[in-house]
1. Using Cα pairs under 8 angstrom and six or more residues apart, how large is the relative contact order of the range 124-229, in percent?
2. Dipole of the range 133-222, Cα-centred, from +1 at each Lys and Arg C-beta and -1 at each Asp and Glu C-beta, to the nearest 20 debye?
3. Just to confirm the filter: which trypsin sites (Lys or Arg not before Pro) across the range 253-299 are DSSP coil and have at most 13 other Cβ within 10 angstrom of their Cβ?
4. For ALA173 and PHE217, what does the FRET efficiency come to when R0 = 22 Å and r is the distance between their Cβ atoms, rounded to the nearest 0.05?
5. For labels at GLU225 and GLU253 in the simple 7 Å Cα→Cβ model, what's the distance in nm?
6. Just for the chain, what percent of DSSP beta bridges are antiparallel, to the closest 5?
7. Across the chain, where is the longest run that never hits chymotrypsin sites (Phe, Trp or Tyr not before Pro) in a DSSP loop with at most 15 other C-beta atoms within 10 Å?
8. Using a simple charge model, +1 on the beta-carbon of Lys and Arg, -1 on the beta-carbon of Asp and Glu, nothing else, what dipole does the chain show about its Cα centre, in debye to the nearest 20?
Amino acid sequence: MAELLVVGSVALDSVQTPFGKVADALGGSATYFSYAASFFTPVRLVAVVGRDFPRAHLDLLARRGVDLSGLQVSEGMTFRWAGEYGYDLNEAKTLDTRLGVFAEFRPSLPEHFRGTPFLFLANIDPELQYDVLRKVERPRLVALDTMNFWIKGKRRELLRVLAEVDALLVNDAETRMLTEEPNLTKAARTILSYGPRTVVVKRGEYGALMVTDGRFFFAPAFPLESVFDPTGAGDTFAGGFMGVLARAGTVDEGTLRRAIVYGSVMASFTVEDFSLTRLTRLSELEIEDRYRTFREMMRIEQ
Ligand code: AMP
């Protein structure tokens, strides 16, 4: 079992879906990621929150064993994101992004974080992702996530960090936006030419596609009947994915495939409720049970 380091947002989210809404609920890419990954391996988190951030949220992560010694508490407001979904839950509409304390954030890594073998650069300013990448000893695997906000606003900085990572995890709209290529198969190949060896395209209710070393793997999404809030599905997917790789300590094709399916399993829980509510009620037994259902769902004979 190897340790896993994540840098990303820890946020307060205000979200509206056709099924309800929440205001200033616990969110953020690093939050969903670390909570999900903690079911598989020890997680270390680098981020910043403001003094307005509720202590109880941090306790939630601490109880999962997440190492919070890289989390700074600064003067100012916590990062806030407001978003909305229509009946097509695959598409989030950002209503507001307030960087708050992230605008001035300079990550400083505790000494014992520097040699962490698995690194996830979760959705955050690509300059911060690059900064963290510079501060660690070369990890065994580095993966990165991003979103339209940064693809539009910091494209050059994003391409710079992308050139140095092993894997990119993005959703289909981001894949098209990043490459300006409408065909996903071609777009994935274009991303490989930017640097990563592996691309994972998350396609919401249509599953996830992985291209690695010229080979394709596709996993469906779990056929859920109640989806309340897709916020954090991508980050939870990434947490399951990286958690399984770090737990295995290796990155061969078989482990990558298993990681994709566990990513899908974890994401399928997150969307069943708002914020991290479903994850906080989740047991290892339920994870293994859904993983078995996935295997059964994907099985074909001859
Ligand atoms: P996703 O897994 O893509 O649904 O990610 C949703 C999470 O990303 C939310 O909890 C937000 O707080 C966070 N988020 C939204 N916009 C940004 C941004 N520009 N930078 C970093 N995190 C963000």
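The values are calculated or read from the model by the stated rules, or taken from the named source; none is laboratory data. Since the structure is predicted, the reported quantities are computational estimates derived from the model, not experimental observations. Cβ sites come from the backbone with ideal geometry, for glycine too, and all protein chains shown count toward neighbours. Surface accessibility is based on the protein's heavy atoms, side chains included, excluding ligands, DNA and RNA. Shrake-Rupley method; radii C 1.70, N 1.55, O 1.52, S 1.80 Å.
1. This gives 20 percent for the range 124-229.
2. 280 debye
3. ARG299
4. According to the calculation, E is roughly 0.60.
5. Reported label-point gap for GLU225 and GLU253 is 3.8 nm.
6. 40 percent
7. Looking at the chain, 195-302 is the longest stretch - no exposed chymotrypsin sites (Phe, Trp or Tyr not before Pro) with at most 15 other Cβ atoms within 10 Å.
8. 580 debye
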